[in-house]
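A.B. asks: The structure follows.
The values are calculated or read from the model by the stated rules, or taken from the named source; none is laboratory data. Remember, predicted model here, so these are calculated numbers, not experimental data. When we count neighbours, we look across all protein chains shown, and the Cβ atoms used for this are built from the backbone with ideal geometry, even at glycine. Calculation scope for accessible area: heavy atoms of the full protein, side chains included, ligands and nucleic acids excluded. Shrake-Rupley method; radii C 1.70, N 1.55, O 1.52, S 1.80 Å.
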Amino acid sequence: MQGTYYTLTLGNTLAASFIWGINTLFLLDAGLTNLEAFAANAFFSVGMFVFEIPTGVVADTVGRRASYLLGTVTLAVTTAMYWMLWVWQSPFWAWAIVSVLLGLGFTFFSGAVDAWLVDALQATGYRGSLEAVFGRAVVVGNVAMLGGSVLGGVIAQLTNLGVPFLIRAGILIVMFAVAAMLMRDLGFTPERGVGPIKATGEVFRASVKYGLGRRPVRWLMLTTPFTTGVGFYAFYALQPYLLELWGDEGAYSIAGLAAALLSGAGIVGGLLAPIVRRRFRKRTSVILLATVLSTLVLLALGLVANFWLAVGLIALWGIASSIDDPVHRAYLNDMIPSKQRATVLSFDSLLGSAGGAVIQPALGRAADLGGYGFSLLCSGAVQLLAAPFVLLSRAEHDPADTARQVAGGGDGADPARGEGDTGDGPATDATLPPTT
């Protein structure tokens, strides 16, 4: 199961990362302003916001495998449409529509793949820590991102900005075939026979009950709009910002360096995550440390004018974010019942998409008015708003905050378990999320 999960992570990230290093340049080359480029990204977030719950219904009623397969097809088609908009130099409204459809493609993945993995681990008797599994996934994903982002930038420079998008669509088609052969829903039985309207209502109520209805999860979920919105913006803003510091706006391989740096840093962060976790009793300590460190790095990035210093800061930001990710996801999964796992993870992603839809265009406008450095200063200020919510989640003293390993308890998990014995059923009585 872990091998399949890492294979899917490798393929998905490789496909996506071919355009990560040049996406902002691609949009600007199509004639969009900074505001319009980041507004297009915001419409992607709007698409995720709108479709998270309906696609969560697909994952929890049809199956996580079916949801993944639908996602690969949708993303392959909409990526090809993105390329056609660039060829035609289409107006902004067309970019907005296709960006929403790209968001639809990603919502088939969000929640479903992690839920598939955790249920399968329980069903096959895994007893290790979730941080270790998610940490290795971060390493695998960032290895793929390193190769994809560098190749994407080099290929764009040797050919044109559209070719990486065509390569991405091709890889997604290959991943459809791979997933069709390898994925099987284990430890989870889809609830079939429920109408789509009724199922959507039940899914939404479950999201509220096991997400916003649980105080430690609620506070953690409220960090997501800030961290996701800022993360999306900063990732894409670093491409033109590095070109600006380098002094050559046509050096697309330098733009790919931003994504490559973050992928290399992500490999380091993924390896460090379980080690750092062992140094702290509570998961929220790691999450808070990563949040504060990321904020300080963004503020420093907004003030520097030296290319190589910026490179070092970008690497540090990537390490901090990649240490946070496995711990955040493990903490979250330890508080979610199996039947609602995909739904609640999708609901958390929905909140992140809402933050991205608002924050990205606002920061893009800040870049138009004051430059990329000013917008990164604003990014740091926005991300700092997540810290109080981490502290509020910590104050709830949920057993999942000190959990160390997966147990096969499923929905019948003992709510009184303490450190070292908390599994993936709800850590306390249900009286959830953790995100192109």
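A.B. asks: Could you tell me whether any residue of region 324-338 is among the β-branched types (Val, Ile, Thr), assigned to a helix (DSSP H, G or I) and surrounded by fewer than 24 Cβ atoms within 10 Å (Cβ to Cβ)? Break it down into steps so the answer makes sense when it comes.
C.D. replies: To start, the set of residues in region 324-338 that are among the β-branched types (Val, Ile, Thr) comprises 327, 336.
Narrowing further to those that are assigned to a helix (DSSP H, G or I): 327.
Going one step further and asking which of them are surrounded by fewer than 24 Cβ atoms within 10 Å (Cβ to Cβ), we end up with none.
No: region 324-338 contains no residue that is among the β-branched types (Val, Ile, Thr), assigned to a helix (DSSP H, G or I) and surrounded by fewer than 24 Cβ atoms within 10 Å (Cβ to Cβ).
A.B. asks: Pick out the one residue from Leu75, Leu117 that is touching a helix residue (DSSP H, G or I) at 6+ places or on another chain (Cβ under 8 Å), buried (at least 23 other Cβ atoms within 10 Å of the Cβ) and farther than 24 Å from Asn23 by Cα.
C.D. replies: None of the others qualify; the one that does is Leu117.
A.B. asks: Given (1) closer than 27 Å to Leu242 by Cβ; (2) polar (S, T, N, Q); (3) open to solvent by 10 Å² or more (accessible area, probe 1.4 Å), where does Thr7 come up short, assuming only one miss?
C.D. replies: Among (1) closer than 27 Å to Leu242 by Cβ; (2) polar (S, T, N, Q); (3) open to solvent by 10 Å² or more (accessible area, probe 1.4 Å), the lone unmet condition for Thr7 is (1).
A.B. asks: Right, something else. When region 225-239 is examined, which residues are found to be of a type outside the set (Phe, Trp, Tyr) and open to solvent by 10 Å² or more (accessible area, probe 1.4 Å)?
C.D. replies: Listed by number, the residues that qualify are Pro225, Thr227, Thr228, Gly231.
A.B. asks: Still on this structure: For region 12-56, enumerate the residues that are modelled with pLDDT under 85, open to solvent by less than 10 Å² (accessible area, probe 1.4 Å) and within 13 Å of Phe108 (Cβ to Cβ).
C.D. replies: Selection gives Met48, Glu52, Thr55, Gly56.
A.B. asks: Something else now. For the list (1) over 18 Å from the mean Cα position of the chain (by Cα); (2) closer than 14 Å to Leu384 by Cβ, I need the number of the one condition that Ala290 fails.
C.D. replies: Among (1) over 18 Å from the mean Cα position of the chain (by Cα); (2) closer than 14 Å to Leu384 by Cβ, the lone unmet condition for Ala290 is (1).
A.B. asks: Can you go through Pro337, Pro361 and tell me which one is more than 19 Å from Phe226 (Cβ to Cβ) and at pLDDT below 90? I'd like the intermediate steps shown before the answer.
C.D. replies: Numbers: Pro361 fails: more than 19 Å from Phe226 (Cβ to Cβ).
Answer to the selection: Pro337.
A.B. asks: A follow-up question, please. For the subset of region 152-166 comprising residues that are surrounded by fewer than 19 Cβ atoms within 10 Å (Cβ to Cβ) and part of a helix (DSSP H, G or I), which member is nearest to the chain's Cα centre (by Cα)?
C.D. replies: Leu166
A.B. asks: Does Leu313 fit the bill of being at pLDDT 90 or above, open to solvent by 10 Å² or more (accessible area, probe 1.4 Å) and either touching a Phe, Trp or Tyr at 6+ places or on another chain (Cβ under 6 Å) or assigned to a helix (DSSP H, G or I) (or both)?
C.D. replies: yes
A.B. asks: Also, quick follow-up: Kindly indicate whether Arg281 is at pLDDT below 90, outside any loop (DSSP other than H, G, I, E, B), charged (D, E, K, R) and touching a helix residue (DSSP H, G or I) at 6+ places or on another chain (Cβ under 8 Å).
C.D. replies: no
A.B. asks: Let me ask you something else. Within region 83-94, identify whether any single residue is assigned to a helix (DSSP H, G or I), in contact with a Gly (Cβ under 6 Å, 6 or more places away or on another chain) and modelled with pLDDT of 85 or more, and answer yes or no. Full working, then the answer.
C.D. replies: Let us first name the residues in region 83-94 that are assigned to a helix (DSSP H, G or I), namely 83-88, 92-94.
Next, from what is left, pick out any that are in contact with a Gly (Cβ under 6 Å, 6 or more places away or on another chain): 83, 86.
Checking the rest, the ones that are also modelled with pLDDT of 85 or more come to 83, 86.
Yes: region 83-94 contains one or more residues that are assigned to a helix (DSSP H, G or I), in contact with a Gly (Cβ under 6 Å, 6 or more places away or on another chain) and modelled with pLDDT of 85 or more.
A.B. asks: Can you name the number of the only condition in (1) closer than 29 Å to Gln239 by Cα; (2) crowded, with 23+ Cβ neighbours inside 10 Å that Val344 fails?
C.D. replies: Answer for Val344: the failing condition is (1).
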